[in-house]
Amino acid sequence: MLSQLLNIRSKISHILLPPACVLCGANAREHLICPACEDDLPWHDKAQCPVCALPTGTGEVCGHCLVSPPAFDATRALLAYQFPVSAVLQCYKYAGFLAIAHMMAELFARRLGDVAMPDVIVPMPLHATRLKERGFNQAVEIGRILARRLNIPFESAHAKRTRYTATQAGLALKERHRNVRGVFAFDARIAGKKIVLLDDIMTTGASLNALALAAKKAGAARVECWVMARTLPL
Ligand SMILES: [Zn+2]
Ligand SMILES: [Zn+2]
């Protein structure tokens with residue numbers, strides 16, 4: 001109900017506000033960003049590990065994924081998590097500027113290229129308490145729009161958080177893994193399916209790894225992470 005109200009609010013602001021670029025104020029046509037600012041975004045399109053999307057010299061699998069492979073099979077990250085992407089995504093997540101979800105989904109779909117489509121997109125679940133605090137799930141809003149755009153089923157009820165966890169921000173890598181271990185449960189209806197786990201930002205990948213592990217335990221045939229932005233080493 002709340003997310004429906006927020007969506008209505010977003011649609012109304014679309015109608016009332018001129019389509020100005022969120023970054024420079026120029027005419028942005030329908031997707032909140034003008035062509036010049038879109039060109040200047042930090043696209044994550046350089047050679048990278050196909051499993052975790054961290055940069056590698058020639059696109060080979062990185063040492064970390066070779067030594068301890070994550071539970072997911074591949075990662076696709078649209079942008080590098082740096083300014084101005086960080087500011088845009090924070091505005092979306094914490095100020096509830098829901099039109100950003102449309103912009104991200106559209107940019108992601110346009111840059112996806114000719115890839116094998118999954119059977120279903122499942123967003124990173126939020127715990128009910130966190131959902132109540134924030135009012136919406138940032139992964140659900142982007143995922144729903146992207147799935148509709150790509151004509152892929154979208155199932156936000158397939159994954160659940162079974163307990164409330166501290167926010168991952170500020171935790172060291174080991175603590176992040178410990179914090180989310182065993183926290184997700186997946187519906188058995190994904191057995192045998194190729195699924196995409198959708199999230200806004202991938203930092204260390206600890207949450208997505210724990211979610212992918214739950215998906216594999218429930219019998220998913222293949223698990224890919226699709227994220228709007230990836231934190232990259234400096
Ligand atoms: Zn602009
Ligand atoms: Zn890797």
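The values are calculated or read from the model by the stated rules, or taken from the named source; none is laboratory data. Predicted model, so just to flag it, every value in this text is computed and none were measured. When we count neighbours, we look across all protein chains shown, and the Cβ atoms used for this are built from the backbone with ideal geometry, even at glycine. These accessible areas exclude ligands, DNA and RNA; they are computed on the full protein's heavy atoms, side chains included. Shrake-Rupley method; radii C 1.70, N 1.55, O 1.52, S 1.80 Å.
Some points to look at:
- Listed peptides 105-114, 217-226 by packing density, highest first (mean Cβ within 10 Å): 217-226, 105-114
- Burial ranking of peptide ranges 53-60, 28-35 (average Cβ count within 10 Å, highest at the top): 28-35, 53-60
- Semi-axes of the equivalent ellipsoid for the chain, computed as √(5λ) from the eigenvalues of its C-alpha gyration tensor and ordered from largest down, come to 27, 21, 17 Å.
- Percent carbon-and-sulfur accessible area, the stretch 42-230, ignoring ligands, DNA and RNA, probe 1.4 Å: 54 percent
- Each principal axis of the stretch 27-101 carries a Cα extent, and these read 46, 26, 19 Å when sorted largest first.
- For the chain, calculated [θ]222 nm from helices alone, where every DSSP H run of n ≥ 4 adds -39500 (n - 2.57): -11500 deg cm²/dmol
- Using θ = phi - 60° and Karplus 6.51 cos²θ - 1.76 cosθ + 1.60, couplings along the stretch 83-98 (whole Hz; Gly, Pro as x): 4, x, 4, 4, 5, 5, 6, 5, 4, 5, 6, 9, 9, x, 7, 5
- Fraction of antiparallel bridges per DSSP, the stretch 42-230 only, in percent to nearest 5: 20 percent
- If you sort Val22, Val196 by accessible surface, 1.4 Å probe, largest first, the order is Val22, Val196.
- Solvent exposure of the chain, expressed per residue, is 51 Å² of accessible area, with all protein chains present and a 1.4 angstrom probe.
- At the residue level, His177 shows approximately 60 square angstrom of accessible surface with a 1.4 angstrom probe and all protein chains present.
- Karplus (6.51, -1.76, 1.60) ³J(HN,Hα), θ = phi - 60°, over the stretch 215-223, in Hz, Gly and Pro reported as x: 5, 5, 4, 7, x, 4, 7, 8, 10
- Per-peptide average of other Cβ atoms within 10 Å, ordering 65-75, 137-147 highest first: 137-147, 65-75
- Using the Karplus relation 6.51 cos²θ - 1.76 cosθ + 1.60 with θ = phi - 60°, the per-residue 3J(HN,Hα) values for the stretch 149-161 come to 4, 9, 6, 10, x, 10, 10, 7, 8, 6, 10, 9, 8 Hz, with x marking Gly and Pro.
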